[in-house]
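Reading through the structure tokens given below for one structure.
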Amino acid sequence: MASDGELTEECARLIPLADIDPRDERFRITTRRGSDDLHHSIGRLGLRVAPLLLSGSSGFIIVSGFRRIAACRGLGWDSIRAQVLQTSSPYECALKAIAANSLERPLNLIEISRALRLLDQYAPDGQVPPEETAALGLPTHAGMVVRLKALCRLPAEVQEAVLEEAVSFAMACEIGRMEEGLAVALARLFRELKTSLNKQREIVTLVAEIAHREGIDPGHVLAEERLSRMLDAQDLDRNQKTQRIRKLLRQRRFPALVAAEDNFHSRRQRLSLGENLQLAPPRDFEGTRFTLTLNFERLEEVGRLREKLDELVDHPDFKTLLTGKGRGFEETQVP
């Protein structure tokens, strides 16, 4: 299958730009809108690759070359040389539109989604031959194709988050199953935080569990005033915002557990254990079994650790932890 980059000058016709409809984007898969980067090259070297047009009843429809045509308009040109299709079916035009992009450069996720949708829309009998999909460099696995096709139907802000790589393919699929307002709110949050997939999943889970636990809409959880203040804080970087928002959500979802964690960390810090002695709490603060780990290389270090252990036994904070007092919410001030 040939792309329009292989069209020769002899195949092209001079077409007035006024006869080309820029509003008809039925064959567009490219997500980039600006054409400033093309102004210089086209203005200096000319239009080296002819756009592909379809002849219509009242002018010409763009099949490929949307940005090139926009750049030529921006340069004030009156006409351009373009390849004109006279009798091609919409499906043939779709194949050429996709090939003009996919065979020249890697497509982003939204462009892949648009391409798959375009093929579905115009395929004869609604069936796209797998060999044609493969020839275009598009995915052919049925399950993957279904998930990809859903991306270009997501709200615009979610798609922008995907394009910015603030939201991964996996998270986009998860967000896509949500109500639109919630999906947009999460996309905005993740565009601001630029955090990892695991942390995004943690936030999504916490928001859903808080909403269920409190009987409220998940969007209300994200609209909470303290969370908004953290996002707007100019003195915090993205990592700090992410850390504080996760802690805020955990406090709201697991108030007693977070209080116990804060209390433990505060008391452990006052123990001044040093780098060779580590104290770990019971798992999820359930039960009474603590873990004390000693690290040493020389015999004299063992002696110092023994002295530290003797001090530890008499330390009031250590006693409080072991006796079970002060583990809970009642003795902890949660910010």
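The values are calculated or read from the model by the stated rules, or taken from the named source; none is laboratory data. Predicted, not measured: the structure shown is a model, and the values here were computed from it. All Cβ positions, glycine included, derive from the backbone under ideal geometry; neighbour counts span all protein chains shown. With ligands, DNA and RNA removed, areas are computed over all heavy atoms of the protein, side chains included. Shrake-Rupley method; radii C 1.70, N 1.55, O 1.52, S 1.80 Å.
With all protein chains present, calculate the accessible area of His220 using a 1.4 Å probe and round the result to the nearest 10 Å².
120
List the lysines whose Cα sits under 19 Å from the Cα of Lys319, skipping any in the same chain fewer than 8 residues away.
Lys308
Within 10 Å of each candidate Cβ there may be at most 11 other Cβ atoms; applying that plus a DSSP loop requirement, which GluC sites (Glu not before Pro) in the stretch 259-313 survive?
On the way: sites: Glu261, Glu275, Glu286, Glu297, Glu300, Glu301, Glu307, Glu311; in loops: Glu275, Glu286, Glu297.
Hits after loop and neighbour filter: Glu275, Glu286, Glu297.
Can you pull out the GluC sites (Glu not before Pro) in the stretch 170-233 that DSSP calls coil and that have at most 16 other Cβ atoms within 10 Å? Numbers along the way, then the final one.
Details: sites: Glu174, Glu179, Glu180, Glu192, Glu202, Glu209, Glu214, Glu224, Glu225; in loops: Glu179, Glu224.
Passing both the DSSP loop test and the Cβ count: Glu179, Glu224.
Which chymotrypsin sites (Phe, Trp or Tyr not before Pro) in the stretch 256-308 sit in a loop by DSSP (not H, G, I, E or B) and have at most 15 other Cβ atoms within 10 Å of their own Cβ?
Values: sites: Phe264, Phe285, Phe290, Phe296; in loops: Phe290, Phe296.
Loop-located and lightly packed - Phe290, Phe296.
If you stretched the chain out fully between Arg250 and Thr140, how much longer would it get, using 0.36 nm times the residue separation minus the C-alpha to C-alpha distance?
Working: separation 110, 0.36 × 110 = 39.60 nm, distance 4.07 nm.
Contour length minus the Cα-Cα distance gives 35.5 nm.
Rolling a 1.4 angstrom probe over the protein heavy atoms, how many square angstrom per residue are accessible across the chain? Please report the intermediate quantities before stating the final value.
On the way: 19180 Å² over 335 residues.
Dividing the accessible area of the chain by its residue count gives 57 Å².
Please compute one quarter of the surface area of the Cα convex hull for the chain and express it in square nanometres.
Working: hull surface 107.8 nm².
The directionally averaged projection comes out at 26.9 nm².
Can you give the FRET efficiency to the nearest 0.05 for Glu104 and Arg23, using r as the Cβ-Cβ distance and R₀ = 30 Å?
Details: r = 25 Å, r/R0 = 0.82.
It comes to 0.75.
In whole percent, how big is the carbon plus sulfur part of the accessible area of the stretch 83-237, probe 1.4 Å, protein atoms only?
On the way: 3940 of 7970 Å².
In the stretch 83-237, the share of accessible area belonging to carbon and sulfur is 50 percent.
With N set to the residue count of the stretch 203-272, report its C-alpha Rg divided by 2.2 N^0.38 Å to two decimal places. Mind showing how you got there, number by number?
Values: Rg = 13.9 Å, N = 70, 2.2 N^0.38 = 11.1 Å.
Expressed relative to 2.2 N^0.38 Å, the Cα Rg reads 1.26.
Using modelled backbone amide H atoms (1.01 Å from N, in-plane), which distant-in-sequence or interchain residues come within less than 5 Å of Leu85's amide H?
Leu53, Leu54, Ser55
I need the calculated FRET efficiency for the pair Thr291 and Glu180, taking r as the beta carbon distance and R₀ as 51 Å, to the nearest 0.05. Walk me through the intermediate numbers first.
Values: r = 47 Å, r/R0 = 0.92.
Result of the calculation: an efficiency of 0.65.
Summarise the accessible area of the stretch 24-70 (1.4 Å probe, protein heavy atoms) by the percent that is carbon and sulfur. It would help to have the intermediate numbers written out before the result.
On the way: 1060 of 2360 Å².
It is 45 percent, rounded to a whole number.
Report the FRET efficiency, 1/(1 + (r/R0)^6), for Val313 and Arg283, where r is their Cβ-Cβ distance and R0 is 22 Å, rounded to 0.05. Spell out each step's value before the answer.
Numbers: r = 24 Å, r/R0 = 1.07.
With a Förster radius of 22 Å, E is 0.40.
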